[in-house]
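Have a look at the structure below, then the notes.
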Amino acid sequence: MKPRKKTKRTWIIGASSGIGEALAERLAARGEEIILSARNAEALDALCKRLNGRGHRVLPLDVSDGAAVMRSAAWLRDTVGPLDRVLFFAGAYTPMKLGQIDLGDMSRIVDTNLKGAFHVVEAVLPIMAEKGQIALCASVAGYRGLPNGQPYAATKAGVISLATSLRAEHGDRLDIKVINPGFVKTRLTDKNGFEMPMMITPEKAARAIAGEIDSQRFEIHFPKGFTRLVKFLSLLPDGLYFKAVKKMV
């Protein structure tokens, strides 16, 4: 008789809506045991009831509260044991122009997107299973500065840098990934008043991630037609880059 395949234990942070929600449904359908976290406990409870399989848990959490993240990680360590995957999708966004920054919103975005990622990484490193995985969701907006994209783009650049450092420091023990989506239709992109080319649904985003999450590559980016174009622009010499992005203003 073949030994029973071990069930992957996956903690999805930012699971109450958007990509995190869609990916929770897809990974649960593949047989993974999902721990759902976000601030919206009611939405998490509703999602948990919809998931295929058993053993799923709801763990409400505000990632901007570093002490709360540490307590949650310690509870998981003591209750469920080592984690096989930690997927960070928590995010905040408000469209802003430099010179017109709302300082309160700016602090909230930095606290959630960047400080939250640091809080999670520090909390989960000691409780990861051997050869476990940490994947941080950033954005193609973090490749290089974009007009009207701050402070969101700056936080996503920080998350890309954090994931890169994490891979360099812990890649021999853990599978570290960064996820860089293009435009995905969520409550965040609904705030934009400009055209968003090649926008995809959260379900398509989740399919793209699930298709590459167990690959050897460091970066998962999609949709490829859009993200490859943004990558090309980010590699242009400064003069050409600024001419290109001027057209976005």
Mind checking whether some residue in the range 93-100 is at pLDDT 95 or above, surrounded by 17 or more Cβ atoms within 10 Å (Cβ to Cβ) and in contact with a helix residue (DSSP H, G or I) (Cβ under 6 Å, 6 or more places away or on another chain)? no
Take the range 165-184 and flag every residue that is within 18 Å of ILE213 (Cα to Cα) and free of Cβ contacts under 8 Å to residues at least 40 places away in the same chain. GLY171, ASP172
Residues that are within 25 Å of GLY81 (Cα to Cα) and open to solvent by less than 20 Å² (accessible area, probe 1.4 Å), drawn from the range 130-169: GLY132, GLN133, ILE134, ALA135, LEU136, CYS137, ALA163, LEU166
Restricted to the range 51-92 and to residues being part of a loop (DSSP other than H, G, I, E, B) and of a type in the set (S, T, N, Q), the residue modelled with the lowest pLDDT is ASN52
It is to be established whether one or more residues within the range 23-31 are more than 30 Å from GLY149 (Cα to Cα) and open to solvent by less than 20 Å² (accessible area, probe 1.4 Å). yes
Within the range 200-243, residues touching a helix residue (DSSP H, G or I) at 6+ places or on another chain (Cβ under 7 Å) and without any contact (Cβ under 8 Å) to a residue 24 or more places away in the chain come out as LEU236
Looking only at helices (runs of 4 or more DSSP H) that fall completely inside the range 93-205, which ones have 2 or more residues that are closer than 30 Å to LYS247 by Cβ? 103-109, 152-170
Of residues in the range 32-90 being open to solvent by less than 20 Å² (accessible area, probe 1.4 Å) and hydroxyl-bearing (Ser, Thr, Tyr), the one nearest to ILE127 (Cα to Cα): SER72
Residue check for THR10: more than 20 Å from CYS137 (Cα to Cα) and either of a type in the set (Ser, Thr, Tyr) or within 17 Å of the chain's Cα centre (by Cα) (or both): no
Looking only at residues in the range 224-249 that are outside any helix (DSSP H, G or I) and either under 22 Å from MET96 (Cβ atoms) or in contact with a His (Cβ under 6 Å, 6 or more places away or on another chain) (or both), which one is least open to solvent (accessible area, probe 1.4 Å)? MET248
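The values are calculated or read from the model by the stated rules, or taken from the named source; none is laboratory data. Remember, it's a predicted structure, so these values are computed and weren't measured experimentally. Cβ coordinates were reconstructed from backbone atoms using ideal geometry, including for glycine residues, and neighbour counts include every protein chain displayed. Quick note on the areas: whole protein, heavy atoms, side chains included, nothing else; ligands and nucleic acids left out. Shrake-Rupley method; radii C 1.70, N 1.55, O 1.52, S 1.80 Å.
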